[in-house]
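The values are calculated or read from the model by the stated rules, or taken from the named source; none is laboratory data. Only a predicted model underlies this, so the values are computations on that prediction, with no experimental measurement involved. Counting neighbours? That spans all protein chains shown, and the Cβs are built from the backbone with ideal geometry, glycine included.
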Amino acid sequence: MDKIIVLIGAPGAGKGTQARLLDERRGIPQISTGDMFREMKTLDTPLAKEVQEIMASGKLISDELTYQIVRERTSKPDTAGTYVLDGYPRTAVQASQLEELAKEQGKEILAIEVDVERDELMKRLTGRRSCPVCGEIYNVYSKPPAIEGFCDEHPDVALTHRADDSEEKVTVRLETYDELTKPLLEYYASSGRLEKVDGTGEIEDIYGEIEGLV
Ligand code: AMP
């Protein structure tokens, strides 16, 4: 049966990096709600403005809107088979909406927790940089680009630092994770659908573990 792989982890745990690798190497499409919202907020509409404000605060977008974009995105042909959700679900309501979607799509859910300690998360997030063209993620501490401040693939493009990766916003995002998203681990564990990987260490080792589970 095709799967919906759900990567669960605090902001900065490396979900995006791992999901991208699954996409690139195994052809499993990466559906990132955070990326979709970041694209959406650049539009000039009242909804886009609202999304922009909520994201800047470090809080979550409404469950309804989030479900709508996930539903629409996963109705495209490339997600007919297994796909990976990066950053969704993040609340109990979203988890139950995903159950419905999985049923409709005839897929089973496999949740993988990517576990990283709090101090390390803070360092990762405040050090995170990304390429505005290809989305590649770097880190000034652990995965620096060949030329400081520039993408390896697009050397003429300066890397950007997300506004919500400031220390203040990261604190809000980590609290939101603890309060709303962490309880989902128990939810998936109690139905025997949770695997856990240690998210500290080499990106390749973590990828190897995740690849073995999917
Ligand atoms: P991320 O890149 O996954 O850290 O997401 C960045 C921001 O997008 C979050 O802080 C939220 O404001 C919003 N967002 C992403 N995924 C969700 C979701 N599943 N539910 C609600 N808001 C989300």
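How many residues are outside any helix (DSSP H, G or I) and either without any contact (Cβ under 8 Å) to a residue 60 or more places away in the chain or over 20 Å from Tyr187 (Cα atoms) (or both) when one looks only at the stretch 107-150? Please lay out each step first, then the result.
Here is the first cut: in the stretch 107-150, the residues outside any helix (DSSP H, G or I) are 107-117, 128-150.
With the extra rule that they be either without any contact (Cβ under 8 Å) to a residue 60 or more places away in the chain or over 20 Å from Tyr187 (Cα atoms) (or both), the set shrinks to 117, 128-150.
Selection size over the stretch 107-150: 24.
Scan Arg90, Arg71, Arg124 and give me the residue that is within 14 Å of the ligand (Cβ to nearest atom), in contact with a strand residue (DSSP E or B) (Cβ under 7 Å, 6 or more places away or on another chain) and either under 21 Å from Val172 (Cα atoms) or of a type outside the set (Phe, Trp, Tyr) (or both).
Working: Arg90 fails: in contact with a strand residue (DSSP E or B) (Cβ under 7 Å, 6 or more places away or on another chain); Arg71 fails: in contact with a strand residue (DSSP E or B) (Cβ under 7 Å, 6 or more places away or on another chain).
From the options Arg90, Arg71, Arg124, the qualifying one is Arg124.
If Ile5 satisfies all but one of (1) out of contact with any helix residue (DSSP H, G or I) (no Cβ under 7 Å at 6 or more places or on another chain); (2) within 13 Å of the ligand (Cβ to nearest atom); (3) of a type in the set (Val, Ile, Thr); (4) not in a helix (DSSP H, G or I), what's the number of the condition it fails?
(2)
Check whether at least one residue in the stretch 55-66 is more than 13 Å from the ligand (Cβ to nearest atom) and without any contact (Cβ under 8 Å) to a residue 12 or more places away in the chain, and report yes or no. Break it down into steps so the answer makes sense when it comes.
Within the stretch 55-66, the first condition is being more than 13 Å from the ligand (Cβ to nearest atom), and the residues that meet it are none.
Within the stretch 55-66, none of the residues are more than 13 Å from the ligand (Cβ to nearest atom) and without any contact (Cβ under 8 Å) to a residue 12 or more places away in the chain.
Looking at (1) buried (at least 18 other Cβ atoms within 10 Å of the Cβ); (2) modelled with pLDDT under 95; (3) farther than 17 Å from Glu117 by Cα, find the lone condition where Val170 falls short.
With (1) buried (at least 18 other Cβ atoms within 10 Å of the Cβ); (2) modelled with pLDDT under 95; (3) farther than 17 Å from Glu117 by Cα applied to Val170, the lone miss is (3).
Select from the stretch 71-105 the residues that are among the hydrophobic types (A, V, I, L, M, F, W, C) and under 23 Å from Glu186 (Cα atoms) and write down the one among them that is nearest to the chain's Cα centre (by Cα). Please lay out each step first, then the result.
Step one: of the stretch 71-105, the residues among the hydrophobic types (A, V, I, L, M, F, W, C) are 80, 84-85, 92-93, 95, 98, 101-102.
Add one more test, that the residue is under 23 Å from Glu186 (Cα atoms), and what stays is 84-85, 92-93, 95, 98, 101-102.
Values: Val84: 9, Leu85: 7, Ala92: 17, Val93: 18, Ala95: 15, Leu98: 15, Leu101: 19, Ala102: 18 Å.
Within the stretch 71-105, the match that is nearest to the chain's Cα centre (by Cα) is Leu85.
Test Leu43 against the criterion of being aliphatic (A, V, I, L, M), modelled with pLDDT under 95, more than 12 Å from the ligand (Cβ to nearest atom) and outside any helix (DSSP H, G or I), and give yes or no. Spell out how you get there, then give the answer.
Details: aliphatic (A, V, I, L, M): yes; modelled with pLDDT under 95: yes; more than 12 Å from the ligand (Cβ to nearest atom): yes; outside any helix (DSSP H, G or I): yes.
Yes: the conditions hold for Leu43.
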